[in-house]
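Trainee: I'd like to ask some things about the structure below.
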Amino acid sequence: MRMAIAAALGAVLLAACGGSGGASGYGAASAAPAAKPTVMTANDAKLGKILVAANGMTLYTFDKDTKDTSNCYDACEKNWPALKASDTLAGQGVSGTLGTTARKDGSKQVTLGGKPLYFYQADQKVGDTLGNGVGGVWHVVVNP
């Protein structure tokens, strides 16, 4: 009789703790949360569909960069911070190929079609595009 009670109690405890790997979530494979895109599209009243980072801030390219190479360091980098990420994921509607390139400090800068992507420090809120055309060499990334 003691063996039967002990076996029954063990089965109840096992089920309560989720030891079977069932619906309780313990030991069961759970779906990983969907990764947030590194780059996505947003609508701008003047420019049309533009690219923004996951934080919603506008992204720019620099005419003095070359394929997979940033030429924006020191004072330039203070005004134009690089979009950095080790992995990239394009949001729905993003045209072009996302990738990364190594910066001098070893960090990875996100690229679109080999063009490094940047923020503009004067853009203070989502929707700002104050860096477009600065010096004739900075441009909002317009998604075709």
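The values are calculated or read from the model by the stated rules, or taken from the named source; none is laboratory data. These numbers come from a predicted model, not from an experiment. All Cβ positions, even for glycine, are placed from backbone atoms using ideal geometry, and neighbour counts span all protein chains on display. When the accessible area is computed, the model is the full protein with side chains, heavy atoms only, and any ligands, DNA or RNA have been set aside. Shrake-Rupley method; radii C 1.70, N 1.55, O 1.52, S 1.80 Å.
Trainee: Distance in nm between label sites at GLN121 and SER95, each 7 Å beyond Cα in the beta-carbon direction?
Mentor: Reported label-point gap for GLN121 and SER95 is 3.3 nm.
Trainee: Hey, another quick one. Using a 1.4 Å probe over the heavy atoms of the protein chains, calculate the carbon and sulfur portion of the accessible area of the range 61-144 as a whole percent. Present the calculation step by step, with values, prior to reporting the outcome.
Mentor: Working: 2270 of 4470 Å².
Of all accessible area on the range 61-144, carbon and sulfur atoms account for 51 percent.
Trainee: Summarise the long-distance tail of P(r) for the range 59-144 by giving the % of C-alpha pairs beyond 20 Å.
Mentor: Numbers: 1061 of 3655 pairs.
When every Cα pair of the range 59-144 is considered, 29 percent fall beyond 20 Å.
Trainee: Between their Cα atoms, which of LYS36/LYS104; LYS64/LYS108; LYS104/LYS125; LYS46/LYS125; LYS78/LYS125 are more than 23 Å away from each other? Don't jump to the answer; show the numbers that get you there.
Mentor: On the way: LYS36/LYS104 27 Å; LYS64/LYS108 19 Å; LYS104/LYS125 29 Å; LYS46/LYS125 17 Å; LYS78/LYS125 17 Å.
Those over the limit are LYS36/LYS104; LYS104/LYS125.
Trainee: On to the next question. Report SER107's accessible area, 1.4 Å probe, all protein chains in place, as a number in Å² to the nearest 10.
Mentor: Surface accessible to solvent at SER107 totals approximately 30 Å².
Trainee: Under a point spin-label approximation (7 Å from Cα along Cα-to-Cβ), what is the ALA54-LYS36 distance to one decimal in nm?
Mentor: Rounded to a tenth, the inter-label distance reads 0.6 nm.
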